[in-house]
Amino acid sequence: MQHVNTNIRLTLPVVCFVWQIAMIILFGVFIRYDEESDTHWVETKAHDNITSDIENDFYFRYPSFQDVHVMIFVGFGFLMTFLKRYSFGAVGFNFLIASFGLQWALLMQGWFHSLDPQTGKIFIGVESLINADFCVAGCLIAYGAVLGKVSPVQLLVMTLFGVTLFAVEEYIILNLLHARDAGGSMVIHTFGGYYGLTISWVLYRPNLHQSKRMQGSVYHSDIFAMIGTLFLWMFWPSFNSAITDHGDGQHRAVINTYLCLASTVLTTVAISSLSQKTGKLDMVHIQNSTLAGGVALGTAAEFMISPYGALIVGFFCGIISTMGYIFISPFLEKTLKIQDTCGIHNLHAMPGVIGGIVGAITAAAASESVYGKQGLINTFDFTGDFKDRTVLTQGGYQAAGMCVSIVFGVVGGAIVGSILKLPIWGDPADENCFDDEVYWEVSEPTFHTSMKIKPKSPIISSQLPDEEEEHQESIPPILEYNNHMIHKQQDL
Amino acid sequence: MQHVNTNIRLTLPVVCFVWQIAMIILFGVFIRYDEESDTHWVETKAHDNITSDIENDFYFRYPSFQDVHVMIFVGFGFLMTFLKRYSFGAVGFNFLIASFGLQWALLMQGWFHSLDPQTGKIFIGVESLINADFCVAGCLIAYGAVLGKVSPVQLLVMTLFGVTLFAVEEYIILNLLHARDAGGSMVIHTFGGYYGLTISWVLYRPNLHQSKRMQGSVYHSDIFAMIGTLFLWMFWPSFNSAITDHGDGQHRAVINTYLCLASTVLTTVAISSLSQKTGKLDMVHIQNSTLAGGVALGTAAEFMISPYGALIVGFFCGIISTMGYIFISPFLEKTLKIQDTCGIHNLHAMPGVIGGIVGAITAAAASESVYGKQGLINTFDFTGDFKDRTVLTQGGYQAAGMCVSIVFGVVGGAIVGSILKLPIWGDPADENCFDDEVYWEVSEPTFHTSMKIKPKSPIISSQLPDEEEEHQESIPPILEYNNHMIHKQQDL
Amino acid sequence: MQHVNTNIRLTLPVVCFVWQIAMIILFGVFIRYDEESDTHWVETKAHDNITSDIENDFYFRYPSFQDVHVMIFVGFGFLMTFLKRYSFGAVGFNFLIASFGLQWALLMQGWFHSLDPQTGKIFIGVESLINADFCVAGCLIAYGAVLGKVSPVQLLVMTLFGVTLFAVEEYIILNLLHARDAGGSMVIHTFGGYYGLTISWVLYRPNLHQSKRMQGSVYHSDIFAMIGTLFLWMFWPSFNSAITDHGDGQHRAVINTYLCLASTVLTTVAISSLSQKTGKLDMVHIQNSTLAGGVALGTAAEFMISPYGALIVGFFCGIISTMGYIFISPFLEKTLKIQDTCGIHNLHAMPGVIGGIVGAITAAAASESVYGKQGLINTFDFTGDFKDRTVLTQGGYQAAGMCVSIVFGVVGGAIVGSILKLPIWGDPADENCFDDEVYWEVSEPTFHTSMKIKPKSPIISSQLPDEEEEHQESIPPILEYNNHMIHKQQDL
């Protein structure tokens, strides 16, 4: 057995403490409530002639925010619990890095997007919280590629750099290029996907097959994963509409995403069934590919893509994503040496790119006859410096944004991957990958009635601890267990 | 062993692809954004003198919509995971048929309720999405009766016809009879219940006892089912209020449903405890009968039934539903030959009928002194053609609506059941019912510590694949199974 | 074996029926819809010059209410499923006592807070439902201390008195002392914590070690518990903001809680890792201590504590709560004889006290320069009788409120504990604690593949029931088990 030090008792607490203290200091210097969450709101209302508290942005966005929040913590967390023995790591590390990432995202996004030049402060409200959650989503996607193969310290480092890169590419794409990307096909999914894939490529483990026994799922872990799938699927309309324009913008993004995802489910099932000799379905496809439509509509959700357009996008995404799991993932692993635990290439990277392309095309095809004059201006925000931009130009900038997100993902992932390759982070040995025991105090695997059997003679009981070694090879504990069960039931 | 062909590799993909393409074409022809989700909303606002985007119907209904959405996919899906080995089918097929059903529902309900005569188009908004989810609920209820006994292709056929029938009966009940049924006691639950029960009656399997070993629950599957129960229970107030009138209508429906459900829990527990010798509780009752109050208040939730009235409805529904599980289900199976896997008769059909009756009585008993003059008009929509209708007449039409939903359920179920009896759908043999292995690639049942025992001598390990027969007695079967898995994975 | 009567077939149904009937009668006498949920809302709107239905309080609070509702039933319920074999009791009894408690809370809180002197009626709306859920939360916290050691009848009694005490201490703290406590650090968490701990102290079981084998978790039960943790964690911003002021009040409470909780996660992980030799994490800490920040910000969430202030509170709460699990819980059990199953001392009682202190300090430190003149009045409700109160005085009353909640918890818990000590409630024997079998019909512990092995010769199959001992080595024991099951089912 390869000797690897997975002791993180020094590094993990130090990183957590130091970074959290840094957050407190930076928040003290930079972060303040915005005018809608400050007690001076009563004056703002009077000043801006706002008649009702219901006009506070909180009431436009809070329900969507909570849905997004559930996607980040339950959705991403449980989606990754499919491995038979890495559910603690899936849910727990997801929880950890998201909690750190959202704080750092508020700062990074604040500095790039909303630093008030006069006061030098960042003013936050509910929309900032949504954006922070979005930023974290990019890093959680990347986590999917390296799931089970890295230490929590590496994940925290990956998140630190991931959020930083995210804020910069987002600034370039949304502010400089003025591309639209409300649901983040490019900014979140393409970036996050390629960031994770590249890191996984750098961290390639040629002997990963040594932990093959831990790589599958068990029956219950597949059901746990469906909790993640369903909460992601159901709340994706909120994801894609959370920061779109008030009124028709949010309304339309919801309808489009709802329809697109429904369509994806049917084609995912169709391809999954086709892929097996007797037409059986594969849980991996149902858990993941059903979500590809939501990813691919991230950019265009707020556009007038029309209901049938949304269905078409979903139709092809279900096919492509499922075929990705069947054909592309094995190819990536064998040929390109990319070990992608959760198949994020098929769920995020590829559908993200499709989403960017769909966004560019639908933007370029937008017309005043469909959108209305003011509708076109509102949807693409053709105001200020961009008031003379045409839809064709917009389409070009959308495509450019797409490229920026890929470049940031690949180049950023390569750099961060190199950092993570340093032998100081406590990552697991090849044969201990996908095993919670490395980083968690793990409880018994399952409940046995035999636990309740009171041995008739104390001798047997006292012998048990001493004779463990011998009987492990001959009698499986579970078999004994069942014998006892039967006796017990007969007693009933 | 009876030989049955459960290969769905041809039929399932064909049905999914053809139907999804049909959806795309029909959506292209018929479905458009309504004025609140279209970019022309800015013009609508100016035209209608709407001062704020918050007046968009989206903000009145979206939180409720998302709750209903969770009920459809997590609620119904997980409620049916109680079987020890049919959780993939429960959650997965629920996911599939709901995703198809909601698209078809948007079309069917659109044609019947909101086809614009001038343009020939159906304009959809958030309320349409809620109604589509409602329509799907009817079919998912029916799924509960045949859970584990049909193929996914049969479920899709059942959903196609179910949605079609639903839209027609809904049109008759709500539009022609002008009955009120905001939470669908009649339209959703009574129809869905009898539709499913009649199909199950037509598909009666005299030898179903051959799969008795698969019909129970295991400890964990009962907990998974509680996820479904609780999300249904918690969000039922949203279900019953999602499409009621803005303002007091939604507010009152929530209060009534919240109270009614609380009351149901106590009487369910009481009867469940009474039914066992030592007062132990039965999970089947807790999982299902606690929800009966929500069903039974579907019609009357928006009425002035008063808080104590809601408690009374819940009180009796808990009793009746639980006694249904104890006494009526065995009777239905033995005498009427209705095999009702989830007991939808006790959870939906019977409480739905109660709900229809409660609705008729409370409508007939409504008075201007309680409702106020305008309140009465608003609540029962006594406008247009119905402006002279009295509450007594309304009560009669409510009762008539009740009958319509039963007739549609029974007659529709008989016809659809006959179609599903054709031997072309790939349904499972009697001894393979309630078993995910028929339609799913199934992972190992559970994780065993024994998997992690590293044999001291490499010989044992290397012998494993070759000596399968011999070592069955000494080595737990799960070990071999894993060896196969590893081979399979290496082959990929 | 100590002989104990756990038969609750008489007491449980009687308590459920009698209490539910009492609720119906009392609701009939006292509870009515308030003006926003009554059909006369249309007149109220005209009278109060309200232009839009969106001004109905329903739209300000319903999304938060549903989040709180999820916390109560899924959050608290699943958080307690961590025990290997008490998940039915955790989720099921939580469901039962919350359903009873919320009805009783509407009455008790109504009598104390909103009894209309003219009509003698209590008028309820969505805010009443939230307050009822809050009140129930106090009792569910107390349940955590006695989890697995009491009967459902005892829990109902505990809830009856708990809600009663809650309503009184809440009246004293919020109305008489006019302390602010929107998220209930004092009113809910401190009271509930000490109420449960004191009851547990009175019910001390010196021989509880006899059921030690049932006290741990299994792998899957820890994942179920994470469902509870995450829904509590994600929706805590809704909890702390649900009844704060419209507009900036709700907005700010959300931001503060969101940040505070994120900070708590990092320090919890740090301390948990430090507590183990190799830095492994402990699921108990992750499941519980990550929530302490939400508790501790219950009072101050609506204040201008500022974003970095929220982070600081979370920082220390994560540390203190995790250290509580490591050091204080064992001390409480050994020295003070308090057996605290879920560690509510570390999650609720101690962070609640911290929250009360933080609230008192931040209130005392409030200034017009930070809050604005009107902002200060709005935040602390310095109106009517309290219009001349200074922030320093307010700080003093906050601290006084803190003490009231502790006194009510301890004294109330001592009295109620004495009542629960009577030998009439059917509580389990020491060696049967933490075991669902006492109060539930329990299904098989887990599913085994071996069930599916079809014997090659039909002879073996027919011999099964007769030859149990012999074929145990060749035929998986579970087959026999199933035969028994079938017999049992046939007997029914």
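The values are calculated or read from the model by the stated rules, or taken from the named source; none is laboratory data. None of the values given here were measured: they were computed from a predicted structure. Neighbour counts are summed over all protein chains in view; Cβ atoms, including those assigned to glycine, are modelled from backbone coordinates with ideal geometry. Note: areas computed on protein heavy atoms with side chains; ligands, DNA, RNA excluded. Shrake-Rupley method; radii C 1.70, N 1.55, O 1.52, S 1.80 Å.
A few remarks follow.
- Chains B and C together bury roughly 7600 Å² of accessible surface, counting both sides and using a 1.4 Å probe on protein heavy atoms.
- Counting Cβ atoms of other protein chains within 10 Å of each residue's Cβ and taking the mean over peptide C:98-105 gives 4.
- Carbon plus sulfur fraction of accessible area for chain C, probe 1.4 Å, in percent: 62 percent
- On the basis of the beta-carbon distance and an R0 of 56 Å, C:Phe331 and C:Asp116 show a calculated FRET efficiency of 0.70.
- Helices meeting the span-like rule in chain A (full DSSP H runs, Cα extent of at least 27 Å along the helix axis, mean Kyte-Doolittle score of 1.6 or higher): A:11-30.
- Counting only Cα atoms, the stretch B:167-267 measures 53, 33, 21 Å along its principal axes, largest extent leading.
- Surface exposure of the protein assembly as shown, expressed per residue as accessible area with a 1.4 Å probe, stands at 31 Å².
- Over all other residues within a Cβ to Cβ distance under 15 Å of B:Phe161, the charged ones net out to -1, with Lys and Arg as +1 and Asp and Glu as -1.
- Distance cut-off 16 Å, percentage of C-alpha pairs in the stretch A:275-347 lying past it: 54 percent
- Neighbourhood charge, 13 Å Cβ-Cβ cut-off, centred on C:Gly359 and excluding it, Lys, Arg +1 and Asp, Glu -1: -1
- Taken residue by residue and averaged, Cβ atoms of other chains lying within 10 Å of the Cβ of A:236-249 number 4.
- Beta bridges per DSSP, both residues in the protein assembly as shown: antiparallel share near 25 percent.
- For the stretch C:29-44 versus the stretch A:378-411, the gap between their alpha-carbon centres in whole angstrom: 52 Å
- Per-pair calculated FRET efficiency, R0 = 51 Å: A:Glu444 and B:Asn7 via Cβ, rounded to 0.05: 0.80
- Average beta carbon contacts from partner chains per residue of B:12-22, 10 Å cutoff: 6
- Count Lys and Arg as plus one, Asp and Glu as minus one, and take only other residues whose Cβ is under 11 Å from that of B:Leu176; the net charge is then -3.
- Copy-to-copy label separations for C:Phe327, where each label sits 7 Å from Cα toward Cβ, in nm and ascending: 6.2, 6.2
- Taking every alpha-carbon pair under 8 Å whose residues sit at least 6 apart, the stretch C:1-99 reaches a relative contact order of 14 percent.
- Normalised convex hull volume, chain C, alpha-carbon set, Å³ per residue: 191 Å³
- Distance in nm between pseudo-label sites at C:Asn175 and A:Leu392 (7 Å out along the Cβ direction from Cα): 7.2 nm
- Among the listed pairs B:Lys121/B:Lys387; B:Lys277/C:Lys337; B:Lys45/B:Lys121; A:Lys277/B:Lys334, those beyond 32 Å (Cα-Cα): B:Lys277/C:Lys337; A:Lys277/B:Lys334
- With all pairs of separate Cα atoms included, the stretch A:277-411 yields a Kirkwood hydrodynamic radius of 16.4 Å.
- Taking all protein chains together, C:Lys337, C:Lys45, C:Lys212, A:Lys149 sort by accessible area into C:Lys212, C:Lys337, C:Lys45, A:Lys149, largest first [probe 1.4 Å].
- Distances in nm from A:Val411 to the matching label points in the other copies, shortest first (labels 7 Å along Cα to Cβ): 7.0, 7.0
- Theoretical gain in end-to-end length, B:Val168 to B:Thr383 [0.36 nm per residue, Cα-Cα removed]: 75.1 nm
- Nm distances between copies for A:Val4, ranked from closest, using label points 7 Å along Cα→Cβ: 4.6, 4.7
- Each peptide in C:130-142, B:63-75 gets a packing score, the mean of other Cβ atoms within 10 Å over its residues, and the list from highest to lowest is C:130-142, B:63-75.
- Cross-link pairs beyond the 18 Å C-alpha cut-off, checked among A:Lys280/B:Lys149; B:Lys84/B:Lys149; A:Lys84/A:Lys280: A:Lys84/A:Lys280
- The stretch B:186-220 and the stretch C:165-190 have Cα centres lying 50 Å from one another.
- Working note: Debye formula, equal point scatterers on the alpha-carbon atoms of the stretch C:1-133, no solvent; log10 I(q)/I(0) at q = 0.11 Å⁻¹ is -0.56.
- Hydrodynamic radius (Kirkwood) for the stretch A:220-276, which is based on Cα pairs only, to one decimal in Å: 12.8 Å
- Shown for the stretch A:54-212 is the translational diffusion coefficient from the Stokes-Einstein equation, using the Kirkwood radius over Cα pairs, a temperature of 10 °C and a viscosity of 1.306 mPa s: 97 µm²/s.
- Helix content alone sets the calculated 222 nm mean residue ellipticity of chain B: runs of n ≥ 4 DSSP H residues at -39500 (n - 2.57) each, divided across all residues, give -19000 deg cm²/dmol.
- Note on the protein assembly as shown: Cα-only Rg and Dmax are 30.2, 91 Å.
- Note: relative contact order over chain C, using C-alpha pairs below 8 Å and six or more positions apart, is 21 percent.
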